[in-house]
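Single-structure report; data block below.
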Amino acid sequence: MLATLPDGTGAQSIMIAAHRGSTRKVALLMLKPGFGVKDAFCVPAGSAAEQNELLEQMAGEVGALEVTPAFVAQAVEIALGDGVEQGLPPAPGLLEVAEVCSLDILTPQENDTEALMARADPEGHIKGLSKQAAGRLVNRSDDWAEHHPITDSWFEDDDEVDAALHEARSKRAQETAVWSVLETRRDKWARIIARSALTLQAASHPDADSFTATAQALLAGRALRKTPIMRDIVELTLDAWHSRDAEAPAEDEEFGGAMQLPPAKPERKGELARLLKASEITPDWVEGFLTAVVIAPKPVSPRKWVEALLGAAFPGLDEDGLQRYLDILMERHNALNRATADPRAMRERLAALSEEALSQWAQGFTEAQNRFRSAWLAKTLNADDRAVIRAIRAGRGNADEAEALRPLLP
C-alpha cells in the first residue's frame, strides 16, 4: 500500500497491490477535498512482478510512501465523510477496490480540521511541547521540499490570487498580496499539512512530528512569515503566476541585450576569487549555481539568476568590479551551456575541483535548485534524476560524499 502526500489542492493518491487466489490487481484511489472519493478503479496485473513494476512506476512519478492498511481505511473513511458533507456519492469503482482490498467495513468519519488534528496528535504529545521545542519542529519545514517533492505543487492559483496580483504595482506589493490571501487560508493549509502528517505517521517517517507541529502552529496563529513552508508557498505562488501571466520572451528581453554584448576579456586565473573575496560565496559555489541554472528542466530567466548572483556578491564590489563580475558570469554561463552537452568537457571541469571545492560546488547547485523551484518541479524528474540530486545535497558539507559525485555528475 502506497500513498502520496496531498498536493496543493489537497488531492491524495493511494495505490494498493492486492491478490486473491491467482487474481492480481493494482487498486488506485484519488481522494480530494470537496469531492470525497473522487476516483477509484483497479488495473489487472498478470504477475507479482507486473504489480511491483506498476507500483514502482507510480511511486517514482509521485514520490509515494509505503503505508499501513489502517491508514488506508482511515483515509477513505475521512474522504467518505467529506463526500457525505458535500452530498456527493463516492466513485462507483470504490466497490471493486473495497472488495479486492478487503476493506469490509467503511464508515464515513468527521473530516473537520479539529478532528484531523486530534488524529494527528491523539495523546497531545506535540501540543504539550514547550514553545521553543515546537518552534524547532516548525522550522524544520524549511527542509520539507528536499524530502517531499510533492510540495512543489503547494501554491495558490485561483481567481482571488490572480486579481490581487494584477492589482499590485510592484514585486513587493505582489508578495504582500499573496501573504494577505494566505492569512485567510490558514485552515486550508493546516488541513493539508495535518493530512500529510497522518500519511507520514503511517509510513513511520521522521518528518511526521514536524508536519503535526506546523499544522497546529498555523491554527494557533503563528506568524506566517516566520513559518518556512509558508514562505515557500508564497514563492511558488508568485513563480506560478508569473510563468502563466507573463510572456517569457518579454521577461528574457530585460536582460537579453546583455547576453548579446561583444565578448569580454577572458577570465584571468584567480580573478573571480578576488572579486568575491568580501562575499560569502566562492567561484566553485558560483560554478555549481550556474550548472543548476543551465541544466534546469525548465528555463530560468537570465534576469532572475543574474539578480540572485548579484545579490550574493554585491556588497563587496565597486562599479568596475561589478561590471567585471557580470562579464565573468556571462562567460561562465555560456561555457557551461556548451560543456553540459559534452560529458568529457564536464569531466574536465569537475576534475579541476578539489574535494572541498566540489563540496562548495554542491552547495551552489543546491542553492540554485532551491531558489528556482518552479524550474525544478518533481514531475519533470525521473528516479535517476532524484538520486543524483540527493547525492549532490549529501555532498554539500561532506568532502567524502562530494568526492563520490565526481564520476557520477558528467
Which order do Asp385, Asp232, Asp142 take by accessible area at a 1.4 Å probe, largest first?
Asp142, Asp385, Asp232
Glu348/Ala308 FRET efficiency (R0 30 Å; Cβ-Cβ; nearest 0.05)
0.65
For a label point 7 Å from the Cα of Ala278 along Cα→C-beta, name the residues of region 304-346 whose backbone N is under 16 Å from it.
310-326
Rg/Rh for the chain, where both radii come from Cα atoms and Rh is the Kirkwood radius
1.02
Charge dipole (debye, nearest 20) of the chain; +1 at Cβ of Lys and Arg, -1 at Cβ of Asp and Glu
740 debye
Pair Leu88, Asp384: separation of 7 Å Cα→Cβ label points (nm):
3.9 nm
What is the dipole size for region 281-341, taken about its Cα centre, with +1 at each Lys and Arg Cβ and -1 at each Asp and Glu Cβ, in debye to the nearest 20?
400 debye
Given the convex hull over the Cα atoms of region 297-410, what projected area results after averaging over all orientations, in nm²?
7.6 nm²
Using 0.36 nm per residue of separation minus the Cα-Cα distance, give me the extension gain between Asp142 and Lys269 in nm, one decimal.
42.0 nm
Quick one: Cα convex hull volume of region 1-92, Å³ per residue?
88 Å³
Rounded to the nearest 10 Å², the accessible area of Trp285 using a 1.4 Å probe with every protein chain kept is 30 Å²
Which distance in nm do the two modelled labels at Asp159 and Leu219 give, with both placed 7 Å along the Cα-to-Cβ direction?
3.0 nm
Figure the gain on full extension for Ala118 and Glu403 (residue separation times 0.36 nm, minus the Cα-Cα span) and round it to one decimal in nm.
98.0 nm
Report, in whole Å, the centroid distance computed from the Cα atoms of region 329-396 and region 1-53.
35 Å
How much accessible surface does Lys188 have with a 1.4 Å probe, in Å² rounded to 10?
70 Å²
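The values are calculated or read from the model by the stated rules, or taken from the named source; none is laboratory data. Computed from a predicted model, the values in this text were never measured in an experiment. Backbone-built Cβ (ideal geometry, glycine too); neighbour counts: all protein chains shown. SASA here: full protein model, heavy atoms, side chains in, ligands and nucleic acids out. Shrake-Rupley method; radii C 1.70, N 1.55, O 1.52, S 1.80 Å.
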